[in-house]
Amino acid sequence: MIYAPQSSPGLGRLPACIVLLALLFTPQLKAQDQSEISSDTRLRKEPEGVPLVSLPAGTEVETKGARGDWHEVVVDGWIFSSSTMATHRDGFDLVVRASADGENIRESPNGDVIGRVRNGTLLHKLETRGGWTHVSRSGWVPKGAIGARAASDTPAVSQPAPASAPPVSPPPSSPAPAKPQSDPDRAAIARETPVFATPQGGKYGTLQTGAPARILGHSGEWARVQVEGWVRESDLEEASGGALTGITAAEVRSDPSKYVGRAVEWRLQLIAVQTADELRTEIPRGQSYLLTRGPLPEPGFVYVTVTEAQAAEFRTLPALQELNLRVVIKAARTKYLTTPVVEFVTRVAE
């Protein structure tokens, strides 16, 4: 009696139809993971979150999951090695340390620009080549900014033409004019509008229609902008070194090294006075803290550590009261949640 070995037959012994289907179907599956950005947009850390990379139309991305009106995608390209620094934060390898405007990411070393990465963005390192580093970053873009991949990139099965048919040459076509790439971070003031220190905060002044601005961040229906202009030197005075204003929690989480230890002014809604337990490792166990919502109008939460005397004062306030507080950022997030931890300094006059 002869026993045949218990192994799968080699590729050459499979039926020809199965081999053909496998060869044709595999690249099609791979192609379905690739898409193109159909309109200028920004890659964000989370849906509606802090922007990380400005992406022009035509940039190829790898599509992953979906959440509501957002697609999770992966962008990879090449960046100047000198514009990055090593890090081990949140499982990433590099952080962008370039000019205030960020740094370009390219299709290949010295290749076409496929996006612009914001300063402070965390990246995965794939490889290095000379003065360049191959990096990748996942994030979220609106579904409306994702288009179908070009047809030429999708494998297709063509039927051979009859032997008697003469070859057909495609008609000559003129190259399409290059579409100018716009910067989604740049904007112009559409109408005369007031400028506020914080969302729903004190008014700084007024911007006129057409004034150029750079978008730095978003918080609900608000956009944090930077404008440039000229004032008389006699109208300037030395800064007092006070707290930062207009900083969102998303910005703090995206670049903790920049904000931890800094004083900020946040408008927060008081929910309750609580006592820290073992799950909030960033706060000494047993210490009192304020559970607050904000910074308004953001929907998240903030833990504000206070002394026992301060906790007693806050317990006398009505629940859900909105307060302007000056605080010092102690942690950009907790071990288990995205909630920032701050230390109370003082209340700011309304």
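The values are calculated or read from the model by the stated rules, or taken from the named source; none is laboratory data. All figures in this text were calculated on a predicted structure; none of them were measured in a lab. Because the Cβ atoms are built from the backbone with ideal geometry, glycine has one as well, and the counts that use them run over all protein chains shown. Accessible surface areas use protein heavy atoms only, side chains included; no ligands, DNA or RNA. Shrake-Rupley method; radii C 1.70, N 1.55, O 1.52, S 1.80 Å.
A few points about this structure:
- Contacts under 7 angstrom Cβ, first residue in the stretch 292-313 being in a helix (DSSP H, G or I), partner small (Gly, Ala, Ser), 6 or more apart: 308/288; 311/288
- Applying the condition of being at pLDDT 75 or above and in contact with a Gly (Cβ under 7 Å, 6 or more places away or on another chain) to the stretch 195-223 and asking which residue is farthest from residue 344 (Cα to Cα) yields 195.
- For the stretch 279-299, taking the residues that are farther than 18 Å from residue 332 by Cα and exposed (fewer than 14 other Cβ atoms within 10 Å of the Cβ), the one that is farthest from the chain's Cα centre (by Cα) is identified as 286.
- Number of positions in the stretch 245-288 that are free of Cβ contacts under 8 Å to residues at least 40 places away in the same chain and within 16 Å of residue 344 (Cβ to Cβ): 6
- Inspection of the stretch 73-84 finds no residue satisfying the criterion of being assigned to a strand (DSSP E or B), at pLDDT 90 or above, aromatic (Phe, Trp, Tyr) and open to solvent by 30 Å² or more (accessible area, probe 1.4 Å).
- The stretch 51-69, residues that are in contact with an Asp or Glu (Cβ under 8 Å, 6 or more places away or on another chain) and open to solvent by 20 Å² or more (accessible area, probe 1.4 Å): 57, 58, 60, 62, 63, 64, 65, 66
- Restricting attention to the stretch 314-337 and to residues that are in contact with a helix residue (DSSP H, G or I) (Cβ under 6 Å, 6 or more places away or on another chain) and in a loop (DSSP other than H, G, I, E, B), the residue that is surrounded by the most Cβ atoms within 10 Å (Cβ to Cβ) turns out to be 332.
- Unmet requirement for residue 189, which otherwise passes all of (1) at pLDDT 80 or above; (2) closer than 24 Å to residue 58 by Cβ; (3) more than 16 Å from the chain's Cα centre (by Cα); (4) open to solvent by less than 40 Å² (accessible area, probe 1.4 Å): (2)
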